[in-house]
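The block underneath contains the structure these notes are about, expressed in structure tokens.
The values are calculated or read from the model by the stated rules, or taken from the named source; none is laboratory data. What you see is a predicted model; the values in this text were computed from it and never measured. Here the Cβ positions follow ideal geometry from the backbone for every residue, glycine too, while neighbour counts run over all protein chains shown.
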Amino acid sequence: MAGYSGLYIDSDIHHRWVSEKDLLPYLSADARGFVEGSSQGNYPLIPPFLMVPHTSGLNKRLDGFGPDGQPPGSHFETLRHQLLDGTGISRGVLSYDITSVAALRNIYFTAEVARAVNDWSLEQWIARDDRLYGAVLVPTALPEEAAKEIRRLGRHPRMAEVILVSNSLGKPFGHPSYHPIYEAAHEVGLPVAIHVAGDGYGFSQISAGGVPSTRLEFHTVIPQPMVHHLVSFVTHGVFERYPELKLLIVEAGVSWLPWLMWNFDAHAKLLRRESPWVKRDPSDYIRDHVRLTTQPLESSPRSDQLIDLFEAVGGVEDILCFATDYPHWDGDDPTYIASRIPKAWWPKVFYQNALRLYGWKEEALAPAGAARPR
Amino acid sequence: MIADAGRPEDYDDGAVRILVAGGREVGVVRWGDDFYAVRNVCPHQAGPVCAGLVRPGIVSNGRPGELELDVNAPILACPWHGWEFDIRTGKMILGGAQAVRTYPITIEAGRLKIEVPGRG
């Protein structure tokens, strides 16, 4: 199969700091005390949730470490070599790795930390390479503070989206409590991304049946809350209230979408009276407002089986946005994605849908990078 | 062609050394007194499989929570996604249909020799 040689936009790149001390210059003097501390028991920027351990000890690709052992995703040159140059990414959105810093139990401190990491990301990463764009990480426990952060940075030319991870109010993200976030994103013209797994940060359930016990159990069911978040966006009328708002569902898979569109439309016809602000078929809102990242694209035994499912609802090629999820262990290489979707879909999925989502101009994109190594 | 892979005593137990043989990257693994040669391409997404972890196999008696290591069945896991292969045969541990390419490796006159197809 001839390979794809056009533009790529990567909608999910995970970057991180080497040490929490890297964030100190971006914190206020008062907040620095939490990290520096005078005792041995410093306040860690990891909340007290229990992550399911990975059998290799790390949920990253194991060749992603920096030259001095820096954790995968923390060393710019390694990321540039492996991802930007290695796969020829034209632009990519940095969406953080340790997003739990915006889910700390001290909700006022976590708002401060979210501001700090956004400034750190702009200075330490985005300023270093024209291909890198940012996401405004927001403290969802305080939607009004989140809105302030969006208004503070949302018009920065290198910010591509607002990103929600922690579901800190323990309500589906379409709930009116969260609407100040969408009002601000709508105002500054940024799409909102929801990244999978933030329901495991201790305020809500990562999965419908209870707490998973193994990584296999966890990893298989983590898309579940994302389905609920999407349904709540439509049923609470978010897209009617903010008609230009776009939503990107990140890292939740795709094959559940046909099931959801069929079921949601059928149920809406029966239950329309309770939410009359939902004026169209739910699937229409999804087609107009919602995009899904390709990663992790489901591994049907044959690629045509997955495409047949997509074709049954139609238009999925206009919904998918390519993402590598670099440097996570379940990331997708662009060559692999090219082998799993029809050739006619390549331009839309690899960059055109993302161009429209982020409001970018094609002529401003960097040309495809260095020759691909394989 | 036959490619030289150095002296057996220079290999650490359980470590993988990647070399070029017949124009392709091949990982040589020492597991106890045995040596194996595996092509450094994962059949999943073409990741550098030989940069991954080498660990003993795991055996279950079917009862949850009970497992034993099988040191006679070394497993190589790709560093990208963790797909696991039996180093002795190259076959996937679960699912079975796909495999990493393996090559015959022998010790001749104190040197490791890998037999790889063609190319010089």
Look at residue A:246 and say whether it is among the basic types (Lys, Arg) and under 21 Å from residue A:359 (Cβ atoms). yes
State all residues of region A:49-98 that are away from chain B (no Cβ under 12 Å), within 22 Å of residue B:54 (Cα to Cα) and among the small types (Gly, Ala, Ser); if no residue qualifies, say none. A:66, A:69
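Go over the candidates A:72, A:44, A:48, A:53 one by one and state the one that is assigned to a loop (DSSP other than H, G, I, E, B), at pLDDT 95 or above and of a type outside the set (Gly, Ala, Ser).
When all the criteria are applied, what remains is A:72.
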I want to confirm something. Restricting to region B:49-85 and keeping residues that are aromatic (Phe, Trp, Tyr) and more than 10 Å from every other protein chain (Cβ to nearest Cβ), which single residue is farthest from residue B:17 (Cα to Cα)? B:83
Is one or more of the residues making up region A:301-308 crowded, with 19+ Cβ neighbours inside 10 Å and assigned to a helix (DSSP H, G or I)? yes
Give just the number: which of (1) surrounded by fewer than 18 Cβ atoms within 10 Å (Cβ to Cβ); (2) away from chain B (no Cβ under 14 Å); (3) out of contact with any Asp or Glu (no Cβ under 7 Å at 6 or more places or on another chain) does residue A:110 not satisfy? (1)
Among the β-branched types (Val, Ile, Thr), under 30 Å from residue A:5 (Cα atoms) and away from chain B (no Cβ under 14 Å), is that true of residue A:238? no
Restricting to region A:155-205, name every residue that is part of a loop (DSSP other than H, G, I, E, B), surrounded by 24 or more Cβ atoms within 10 Å (Cβ to Cβ) and of a type in the set (Gly, Ala, Ser). A:166, A:168
Among the residues of region A:276-300, which ones are more than 22 Å from residue A:348 (Cβ to Cβ) and either of a type in the set (Val, Ile, Thr) or exposed (fewer than 14 other Cβ atoms within 10 Å of the Cβ) (or both)? A:276, A:277, A:278, A:279
Taking region B:36-52 on its own, how many of its residues are buried (at least 20 other Cβ atoms within 10 Å of the Cβ) and of a type in the set (S, T, N, Q)? 1
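Can you name every residue in region A:253-274 that is under 23 Å from residue A:224 (Cα atoms) and not aliphatic (A, V, I, L, M)?
Within region A:253-274, A:253, A:255, A:256, A:258, A:259, A:262, A:263, A:264, A:265, A:267 qualify.
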Number of positions in region A:24-41 that are of a type in the set (Gly, Ala, Ser) and at pLDDT below 75: 4
Evaluation of residue B:55 against (1) assigned to a strand (DSSP E or B); (2) surrounded by fewer than 16 Cβ atoms within 10 Å (Cβ to Cβ) (one fails), failing number: (2)
Residue among A:61, A:80, A:105 that is surrounded by 20 or more Cβ atoms within 10 Å (Cβ to Cβ) and not acidic (Asp, Glu): A:61
